[in-house]
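Worksheet: one structure, shown below.
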Amino acid sequence: MYMEYFEFIDDKSSKFWKIEKVGDTKIITKWGRISGKSRETELSYDTIQLRDLDYSKKREDKIKKRYIKKLLTSNNENIK
């Protein structure tokens with residue numbers, strides 16, 4: 001399992017986004033407002049390579065949108 005956690009905070013928004021590799025062929029993403037209700041999706045892929053390619057694309061998309069990678073700790077209530 002490999003997981004990364006990102007936040008986007010500006011004058012109008014306070015959001016988080018988490019992406020996690022599960023097993024060999026799944027990605028779980030969780031997102032929403034910080035300290036608010038969150039959503040989650042689970043995607044399955046035919047191969048590890050396809051999963052890793054999509055993981056990288058999703059991650060880069062968030063970085064382009066100015067999401068900042070944060071240290072994932074047990075205090076991040078918004079990811080539970």
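If the condition is being open to solvent by 40 Å² or more (accessible area, probe 1.4 Å) and not acidic (Asp, Glu), then region 22-35 contributes 22, 23, 25, 26, 31, 33, 34, 35.
Where residues in region 1-14 are open to solvent by less than 80 Å² (accessible area, probe 1.4 Å) and aromatic (Phe, Trp, Tyr), which of them is nearest to residue 72 (Cα to Cα)? Among them, the one singled out is 5. Could you look through region 1-16, keep only residues that are not charged (D, E, K, R) and not in a loop (DSSP other than H, G, I, E, B), and pick out the one that is farthest from residue 62 (Cα to Cα)? The selected residue is 2. Modelled with pLDDT of 95 or more, part of a strand (DSSP E or B), farther than 16 Å from residue 2 by Cα and basic (Lys, Arg), is that true of residue 39? Yes, satisfied. If you check residue 17 against the conditions, is it at pLDDT 95 or above, open to solvent by 50 Å² or more (accessible area, probe 1.4 Å) and within 11 Å of the chain's Cα centre (by Cα)? The answer is no for residue 17.
Taking region 48-72 as the search range and keeping residues that are β-branched (Val, Ile, Thr) and within 14 Å of the chain's Cα centre (by Cα), which one is most open to solvent (accessible area, probe 1.4 Å)? This residue is 68.
The values are calculated or read from the model by the stated rules, or taken from the named source; none is laboratory data. All of these numbers come straight from a predicted model, not from anything done at the bench. Ligands, DNA and RNA are stripped out before the accessible areas are found, and what is left, the full protein with its side chains, is counted by its heavy atoms. Shrake-Rupley method; radii C 1.70, N 1.55, O 1.52, S 1.80 Å.
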